[in-house]
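First up is the structure itself, then whatever we jot down about it.
Readers should treat all values here as calculations from the given coordinates under stated rules, not as data from a laboratory. This structure is a prediction, so every number in the text was calculated from the model and none was measured. Here the Cβ positions follow ideal geometry from the backbone for every residue, glycine too, while neighbour counts run over all protein chains shown.
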Ligand SMILES: Nc1nc2c(ncn2[C@@H]2O[C@H](COP(=O)(O)OP(=O)(O)OP(=O)(O)O)[C@@H](O)[C@H]2O)c(=O)[nH]1
Ligand SMILES: [Mg+2]
């Protein structure tokens, strides 16, 4: 049974069934380690561990969000140059669950053939990837809900799995601007994604100023809580070691 997130929430509540009564998983993202990188479908991890994907526009702050959650500075590559994450990079959590750092979209300088490859791959990944448990959609709070962000939602939501939107770089805003932005996105979701209301959460976030960290940890941790018992399961078959960006 999967717990429903609070609709358009700024806070998630509750836990998965296996940990009911305890306060979810304690820091489920600490001790994350790089696992492998995938440039194509056949390179995706095959062990079936549940995974959470971080998607978003190029330079939105996906890798920074993963690092902030994992409390590591250089787990996932962060770069001022857009389009640096070219592959799907996988990180393994102590529970055995995976975080997948997807290549950013919307970067104009990417050759058309590469863009087509990734559009096709990401569309298939979001729609068909069996272990995919939830999607963290990272948006720069200054430019939320672009057409490509909506495209991600349109590919993913029909799978009936939960999405949590991080409006990141919130540190660039005053508190009043933060509130306005969050309310605007909530309104847009209510208007355009009402059918999926119980599966979409949204919150403010900042990797640099650690805004909304506990909230994000709870939202995503809740998706993985039913699988936390995986920590007791023997480590999955090792992937061939590859490096980020290989
Ligand atoms: N001020 C501020 N800057 C941030 C934040 N998160 C990321 N950045 C900056 O934004 C830039 C891009 O961050 P990344 O985490 O590499 O973004 P990404 O989405 O992984 O980028 P690609 O992998 O290229 O798609 C870097 O210069 C980061 O330092 C944040 O919360 N606040
Ligand atoms: Mg990145």
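Table for the structure above
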read-out	value
When the range 33-228 is reduced to its Cα atoms, the Kirkwood hydrodynamic radius in Å	16.7 Å
Pairwise label distance in nanometres, residue 107 with residue 174, each label 7 Å out on the Cα-Cβ vector	3.4 nm
Rounded Å value of the spacing that divides the Cα centres of the range 30-78 and the range 139-179	18 Å
Prolate/oblate/rounded call for the range 45-136, Cα gyration tensor, a/c under 1.5 rounded	oblate
Sorted largest first, extent of the range 136-235 alpha carbons per principal axis (Å)	47, 32, 20
Percent of beta bridges antiparallel (DSSP, the range 33-228, rounded to nearest 5)	30 percent
Relative contact order of the range 58-211, defined on C-alpha pairs under 8 angstrom at six or more residues apart (%)	22 percent
